[in-house]
Amino acid sequence: TSNPAGSGELARSIICYKNSYILTKEGLSNLKKYTANCFGLDKLSILDRINWVNDNLDLLLNIGTDNNWNYIFKANEPLLFLACILELQGYYKDPDNFKSNLPIYNDATCSGLQHLASMVKDVNLAKYVNLIKSENKDKPFDLYQIMAEKVQEKIKGLNESFQIKFKGIKFTRKFVKSGIMTIPYGASIIGITDQLIRDFFTLIIEVIEVKGVKAHKEFYLLNNKEFYLNDFEIKLTKKEIYILAQIIHGCLYESHPSLTKFVKYLKAINKI
């Protein structure tokens, strides 16, 4: 089951299948993998995720009995994490007879790009969106992180004035994710500009005086300190944010030119 877009974590944590089944060895492994995913370890290899649960099993099995509920709030998805813990506790109380009806959600890796990679047979892109067969010991690829690094490299090739403007920004996967994720669904550079402003910037109006004449000028303040490389305040104009959006948009297509051909083909069909 894919993660239902827009659905609340509380709803997903209490949904159960009508029929329950005794956990097999494979089922238990999947439950442990999902437990680690909900904690926020989905970028580790499957083997490392299962080992993390095994290494912390005593702690997980005693959550609630020792009134140590606060541990669940260390998880990225605490309510889903708690649902997994309760399932593990039920299993280890009676491994031979415990029946599970907990749905395990498998999230895709950039599902739009997975479809496009398959359609254009781009093996390189397919690898980065985890369509290529892998082993349990292999770490999944993180396309967003790869693109974030490419954005950082592209910044170094800009003229000096733009480099100065952007050099204090920490370009993480989170910063580029929305832009990259929505490109397969037709996001334009202007659309990515609007996403960046909505998610990471606050509009501020400053009074600028030039030769005795006062004027109001709009800036956008980067409002999240996790994207700061230092303590200097980062204020950009909309044009400068547009340049960032242009780079994010361009990195994906430059890395995978087969996508450019295919998108042009789709647009040509659309004109008909």
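Per-structure values
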{"item": "Selected residue (criterion: nearest to residue 174 (Cα to Cα)) from residues of segment 222-248 that are open to solvent by 20 Å² or more (accessible area, probe 1.4 Å), part of a helix (DSSP H, G or I) and in contact with a Ser or Thr (Cβ under 8 Å, 6 or more places away or on another chain)", "result": "226"}
{"item": "Residue that is modelled with the lowest pLDDT [pool: residues in segment 1-29 that are of a type in the set (S, T, N, Q) and under 21 Å from the mean Cα position of the chain (by Cα)]", "result": "1"}
{"item": "Residues being closer than 16 Å to residue 110 by Cα and of a type in the set (Lys, Arg) - total across segment 175-216", "result": "1"}
{"item": "Single condition residue 103 does not satisfy, out of (1) open to solvent by less than 20 Å² (accessible area, probe 1.4 Å); (2) free of Cβ contacts under 8 Å to residues at least 40 places away in the same chain", "result": "(2)"}
{"item": "Identity of the residue in segment 197-207, surrounded by 10 or more Cβ atoms within 10 Å (Cβ to Cβ) and over 24 Å from the mean Cα position of the chain (by Cα), that ends up farthest from residue 244 (Cα to Cα)", "result": "206"}
{"item": "Lone unmet requirement of (1) assigned to a loop (DSSP other than H, G, I, E, B); (2) buried (at least 16 other Cβ atoms within 10 Å of the Cβ) for residue 152", "result": "(1)"}
{"item": "Number of positions in segment 208-221 that are in contact with a strand residue (DSSP E or B) (Cβ under 6 Å, 6 or more places away or on another chain), open to solvent by less than 90 Å² (accessible area, probe 1.4 Å) and not hydroxyl-bearing (Ser, Thr, Tyr)", "result": "4"}
{"item": "Residues (touching a helix residue (DSSP H, G or I) at 6+ places or on another chain (Cβ under 9 Å) and open to solvent by less than 80 Å² (accessible area, probe 1.4 Å)) located in segment 158-167", "result": "158, 162, 163, 165, 166"}
{"item": "Residue tally, condition in contact with a Phe, Trp or Tyr (Cβ under 7 Å, 6 or more places away or on another chain), of a type in the set (Val, Ile, Thr) and either in a helix (DSSP H, G or I) or over 25 Å from residue 232 (Cα atoms) (or both), over segment 162-188", "result": "2"}
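The values are calculated or read from the model by the stated rules, or taken from the named source; none is laboratory data. Every value quoted in this text rests on a predicted model; they were computed, and no experiment measured them. Glycine gets a Cβ as well: all are built from the backbone with ideal geometry, and neighbour counts include every protein chain shown. Areas reflect the complete protein model, heavy atoms only, side chains present, ligands, DNA and RNA absent. Shrake-Rupley method; radii C 1.70, N 1.55, O 1.52, S 1.80 Å.
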